[in-house]
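Below is one structure, written out as structure tokens, with a few remarks after it.
The values are calculated or read from the model by the stated rules, or taken from the named source; none is laboratory data. Here the structure is a predicted model, which is why all the values come from computation and not from measurement. Because the Cβ atoms are built from the backbone with ideal geometry, glycine has one as well, and the counts that use them run over all protein chains shown.
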Amino acid sequence: MKISILTENTVYKRGFLGEHGLSVLIGTEDKHYLFDTGQSNVFLHNAARLKLSIKELNGIILSHGHYDHCGGMENLPQQDKEIPVYIQQKAFEKKYTENLKTGELRYIGIENIENWPEWGKLHKLQGGCSKISEGVYLLSEIPYITEFEPFPKAFWKDCKQSTQPELIVDTMEDEQLLVIENTQGLCVFAGCAHPGIINCLRYVQSVFPNTHIHSLVAGMHLKGCGMERVQKTILALQEMEIDRIIPLHCTGIRAIAAIREALGSSCLLAGAGKQIEF
């Protein structure tokens, strides 16, 4: 398997661009998937720099309904065939984030759906585990079972979808994990892991019992978390004995540094333009 980081918050290579968002091109022996599209056309610029084609995809997977993961959809180039776009049905809810200091709300949901390409055939998935191809699965509606990973505090959604919004806590049921089976075990991809990365991984373990998680490529949403939670996350990751961990995007610089310090060479650092083979 080969992954190419097309959009990420950091960039260390000349000629590449970074932005707050995530997009990863995943290639196996016989399949190619685009996992998220960032918030703009940055992923296309970086793909061109890597001389990668965004055509001939087996599918596009949108991890959840936030602008920094779905915004690039309207910039996708014309395709000669219909390509499935896999998204959890609740991703289209109107989503907001709250500034916990000021109480100010900011819209962060999907925008410009009318500009999404006509060749993208939407598959609106429900909760649980969905098999989209042989050895390729999407998991959503992740249960909160880890003591130090409660419901997110700063996220809200409009439960009425009307001109007079009625906001309730967004427990991010639309967050999808991509799981790909290979000879070394399971490769897990997470866009932001809003329900908590350990909750996410324990859900994967419950769906695939007695199967080793070989690699984790994920935004872990640890930016802004206290170091106590970061350290508890690291201990849980160590207990799972994952061979390769690539923290991205919303994991945050401080948490990425702590994970790298604790896990050593099993933690790989990656910015926009980085390509990694498993």
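Test Leu139 against the criterion of being in contact (Cβ under 8 Å) with a residue 60 or more places away in the chain and within 23 Å of His32 (Cα to Cα), and give yes or no. Considered against the rule, which asks whether it is in contact (Cβ under 8 Å) with a residue 60 or more places away in the chain and within 23 Å of His32 (Cα to Cα), Leu139 comes out as yes. Could you look through the range 203-223, keep only residues that are part of a loop (DSSP other than H, G, I, E, B) and on the phi < 0 side of the Ramachandran plot, and pick out the one that is nearest to the chain's Cα centre (by Cα)? Residue satisfying both the conditions and the ranking: Met220. Taking the range 201-223, which residues are touching a Gly at 6+ places or on another chain (Cβ under 7 Å) and either of a type in the set (Gly, Ala, Ser) or surrounded by 24 or more Cβ atoms within 10 Å (Cβ to Cβ) (or both)? The answer is Gly219, Leu222.
Can you confirm whether the range 50-70 contains a residue that is of a type outside the set (Asp, Glu), at pLDDT 95 or above, assigned to a strand (DSSP E or B) and closer than 21 Å to His20 by Cβ? Checked the range 50-70: at least one residue is of a type outside the set (Asp, Glu), at pLDDT 95 or above, assigned to a strand (DSSP E or B) and closer than 21 Å to His20 by Cβ. All but one of (1) more than 13 Å from Leu237 (Cα to Cα); (2) out of contact with any Cys (no Cβ under 7 Å at 6 or more places or on another chain) hold for Ala193; which doesn't? With (1) more than 13 Å from Leu237 (Cα to Cα); (2) out of contact with any Cys (no Cβ under 7 Å at 6 or more places or on another chain) applied to Ala193, the lone miss is (2).
Given the criteria buried (at least 17 other Cβ atoms within 10 Å of the Cβ) and either within 26 Å of Glu19 (Cα to Cα) or within 19 Å of the chain's Cα centre (by Cα) (or both), does Gly226 qualify?
Values: buried (at least 17 other Cβ atoms within 10 Å of the Cβ): no; either within 26 Å of Glu19 (Cα to Cα) or within 19 Å of the chain's Cα centre (by Cα) (or both): yes.
No.
Is it fair to say Cys187 is assigned to a helix (DSSP H, G or I), at pLDDT 95 or above and of a type outside the set (D, E, K, R)? In short, no.
Is the range 249-259 home to any residue that is under 18 Å from Ser63 (Cα atoms) and hydrophobic (A, V, I, L, M, F, W, C)? Spell out how you get there, then give the answer.
The first filter runs over the range 249-259 and keeps only residues under 18 Å from Ser63 (Cα atoms), leaving 249-251.
Imposing the further condition that a residue be hydrophobic (A, V, I, L, M, F, W, C) reduces the set to 250.
Yes, the range 249-259 has at least one match.
Taking (1) in contact with a Ser or Thr (Cβ under 9 Å, 6 or more places away or on another chain); (2) surrounded by fewer than 17 Cβ atoms within 10 Å (Cβ to Cβ) in turn, Gly71 satisfies each apart from (2). The residue of the range 116-134 that is modelled with the lowest pLDDT, among those that are surrounded by 13 or more Cβ atoms within 10 Å (Cβ to Cβ) and not in a strand (DSSP E or B), is Gly127.
Could you grab me the full set of residues in the range 254-275 that are part of a strand (DSSP E or B), surrounded by 16 or more Cβ atoms within 10 Å (Cβ to Cβ) and touching a residue at least 60 places away in the same chain (Cβ under 8 Å)? Walk me through how you get there before you give the answer.
Narrowing the range 254-275 to residues part of a strand (DSSP E or B): 267, 272, 275.
With the extra rule that they be surrounded by 16 or more Cβ atoms within 10 Å (Cβ to Cβ), the set shrinks to 267, 272.
Result: Ala272, single match.
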